[in-house]
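Here the structure is laid out as structure tokens; the discussion comes afterwards.
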Amino acid sequence: MPVPEDRPAAPRRLLRDVAYDTLLTAILDGTLAPGEKLQDAELGRWLKLSRTPIREALARLEEDGLVETYPQRFTRVATVDRDQARDMFQIVGAIHALATRLAVPNVTNKAIERLKSANRDFKAALTAPDVDGAIAADDAFHGIFVELSGNDEIPRVLARLLPRVRRLERLQFGSLPGRRSVKQHKRIITAAAGGDEEAAGEAAMDNWLTLGRLIDDSLDEETAA
């Protein structure tokens with residue numbers, strides 16, 4: 001059939017999504033710090049948006065665990081809750097372990113090279129130090145297993161949890177030793193290359209739980225200070 005002369009205009013991004021993405025980035029990079037009050041009027045002036053999309057974005061961020069609302073009192077950036085952080089790393093670790101086990105039968109030589117490249121990028125970013133680069137490389141590394149897992153529900157679940165993980169990483173980046181994580185990535189690669197699903201999954205779980213323990217220790221040091 002001939003190509004139609006007229007076509008519907010490409011949909012514009014919803015204002016609530018613009019507000020959500022901007023606020024999410026500001027929370028993750030620390031522009032909006034834990035405990036900071038969020039007032040509609042101030043946010044509206046900053047984002048040049050009306051109250052409705054801002055409130056919709058804040059409601060979504062509250063579902064993500066990044067914003068806390070106390071009716072008739074205030075809305076604020078969620079504070080760091082150590083118990084919740086521990087629980088979260090256990091869940092994220094378990095999901096990534098599952099993704100890794102499912103992915104191992106699908107790992108090719110090309111995938112192994114991608115994993116090694118991502119780990120090299122991760123190591124270089126830690127050495128720099130480059131927090132954005134390190135987090136992006138770590139996401140790329142584990143994302144390969146998520147991609148190869150063949151389970152479409154895994155990325156959906158992780159999308160709800162990882163923003164809180166990344167916020168903790170950014171907040172504590174300066175106090176997190178990364179060399180151990182580079183070595184753990186190598187363990188995962190070795191197990192995956194050898195087709196050992198259980199060992200790869202166990203190494204992935206250990207990688208995430210180690211990060212959780214390091215962040216927990218860094219929060220201990222802040223409390224002591």
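The values are calculated or read from the model by the stated rules, or taken from the named source; none is laboratory data. These numbers were taken from a predicted model, which means no experiment stands behind them. For neighbour counting, all protein chains shown are included, and Cβ atoms are generated from backbone atoms with ideal geometry for every residue, glycine included.
Tabulated data for the structure shown
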| read-out | value |
| --- | --- |
| Residue in region 179-195 that is over 25 Å from Arg60 (Cα atoms), in the same structural domain as Gln90 (by TED's automatic domain parsing), modelled with pLDDT of 95 or more and not in a helix (DSSP H, G or I) present | yes |
| Any hit, region 84-107, residues being over 23 Å from His142 (Cα atoms) and surrounded by fewer than 16 Cβ atoms within 10 Å (Cβ to Cβ) | no |
| Tally, over region 46-77, of residues that are among the polar types (S, T, N, Q) and touching a strand residue (DSSP E or B) at 6+ places or on another chain (Cβ under 7 Å) | 2 |
| Counted residues, region 108-136 - those being modelled with pLDDT of 95 or more and in contact with a helix residue (DSSP H, G or I) (Cβ under 7 Å, 6 or more places away or on another chain) | 8 |
